[in-house]
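For reference, the structure is listed below as structure tokens.
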Amino acid sequence: MSFSSMPAEIQLLLFLAFLTIYLVTLMGNSLIILLTLADPILHSPMYFFLRNLSFLEICFNLVIVPKMLGTLLTPDTTISFLGCATQMYFFFFFGVAECFLLATMAYDRYVAICSPLHYPVIMNQRTCAKLAAASWFPGFPVATVQTTWLFSFPFCSNKVNHFFCDSPPVLRLVCADTALFEIYAIVGTILVVMLPCLLIMCSYTRIAVAIFKIPSAKGKHKAFSTCSSHLLVVFLFYVSSSLTYFRPKSNNSPESKKLLSLSYTVVTPMLNPIIYSLRNNEVKNALSRIFYKALVLRNHIT
């Protein structure tokens, strides 16, 4: 059903706004990936994980936004049964992967600040590859079990009151006893969200203790600046997703849920590259070097 209850003029404005955000998201995250690959100074574990996050955000957007734009532009807002299941599967997969990837990035900052001398040894290429794989893997079993189980139920309606196939609006269409599934979904969501969140909190507690032990104010500021971007990204992701999935049902109307869902499915993926670009001098310097090289090359050719 997407935003079909709104007037056509409002839907057109939403289409233009979401299309702009979508293009900025694709360009911003693609730029982060290219920068961290092209600049040797950014060939470090921190930017390896940032590259993974940017790739994940692009994939996450591709799962949801193109279909949503289509429903705003055309009167046909249908999605096939298989298409709905596929969209839900990859939404769960990338959502779970992002939770664990943010926790892995927090661990990377913990090692960098609390054990700087051992950092190159601990966070070597092999370890980084294993941590990245461990971040992506949990999405497979969670997405497989939840999607397969939910779509094995009989459905009494085919009207999904949302702009993508999320679990709660699809679950409302089921005409069978879903008590066991709902218990599993709640427990699974809490584990998937809270376990990485606890790892992030533990990492940053240790980081805060280490930063307070640094004698100079300059040293404290430098140490904090290396993890401030990640902290802001974590805050945006967890606040928006928690408000969506952990609000009481009585306070959770379909329209308010749509607005909250927009924050972490559309807006946050756009903000991540902006945050890492504006709050990170290494990324800004790398961008300046790339532009300078491109300008010199152009002048040389002409």
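Per-structure values
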read-out: Test: residue 114 is surrounded by fewer than 20 Cβ atoms within 10 Å (Cβ to Cβ), among the hydrophobic types (A, V, I, L, M, F, W, C) and more than 16 Å from residue 2 (Cα to Cα); value: yes
read-out: The range 90-127 - residue that is over 24 Å from the mean Cα position of the chain (by Cα) and not in a helix (DSSP H, G or I) and, of those, nearest to residue 204 (Cα to Cα); value: 115
read-out: Residue count for the range 128-151, restricted to those that are out of contact with any Phe, Trp or Tyr (no Cβ under 9 Å at 6 or more places or on another chain) and either on the phi > 0 side of the Ramachandran plot or modelled with pLDDT of 95 or more (or both); value: 2
read-out: Looking only at the range 159-185, and only at residues there that are among the charged types (D, E, K, R) and free of Cβ contacts under 8 Å to residues at least 40 places away in the same chain, the one that is surrounded by the fewest Cβ atoms within 10 Å (Cβ to Cβ); value: 177
read-out: The lone exception for residue 189 - which of (1) of a type in the set (Ser, Thr, Tyr); (2) closer than 24 Å to residue 65 by Cβ; (3) at pLDDT 90 or above it fails; value: (3)
read-out: Tabulated pairs, the range 24-47, first among the acidic types (Asp, Glu), second part of a helix (DSSP H, G or I), C-beta under 6 angstrom, 6+ apart or interchain; value: 39/286
read-out: Residue within the range 287-294 that is surrounded by 12 or more Cβ atoms within 10 Å (Cβ to Cβ), at pLDDT below 85 and under 19 Å from residue 46 (Cα atoms) present; value: yes
read-out: Matching residues in the range 3-20 - criterion: being within 21 Å of the chain's Cα centre (by Cα) and either buried (at least 18 other Cβ atoms within 10 Å of the Cβ) or in a loop (DSSP other than H, G, I, E, B) (or both); value: 18
read-out: Matching residues in the range 186-239 - criterion: being open to solvent by 80 Å² or more (accessible area, probe 1.4 Å) and either assigned to a loop (DSSP other than H, G, I, E, B) or of a type in the set (S, T, N, Q) (or both); value: 205, 213, 215
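Quick grid of which residues meet (1) open to solvent by 70 Å² or more (accessible area, probe 1.4 Å); (2) touching a helix residue (DSSP H, G or I) at 6+ places or on another chain (Cβ under 6 Å); (3) closer than 14 Å to residue 98 by Cβ; (4) among the aromatic types (Phe, Trp, Tyr):
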{"residue": "45", "(1), (2), (3), (4)": "no, yes, no, no"}
{"residue": "54", "(1), (2), (3), (4)": "no, yes, yes, no"}
{"residue": "57", "(1), (2), (3), (4)": "no, yes, yes, no"}
{"residue": "60", "(1), (2), (3), (4)": "no, yes, yes, yes"}
{"residue": "63", "(1), (2), (3), (4)": "no, yes, yes, no"}
{"residue": "73", "(1), (2), (3), (4)": "yes, yes, no, no"}
{"residue": "82", "(1), (2), (3), (4)": "yes, no, no, no"}
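The values are calculated or read from the model by the stated rules, or taken from the named source; none is laboratory data. What you see is a predicted model; the values in this text were computed from it and never measured. Here the Cβ is made from the backbone with ideal geometry for all residues, glycine too, and neighbour counts use every protein chain on show. Surface accessibility is based on the protein's heavy atoms, side chains included, excluding ligands, DNA and RNA. Shrake-Rupley method; radii C 1.70, N 1.55, O 1.52, S 1.80 Å.
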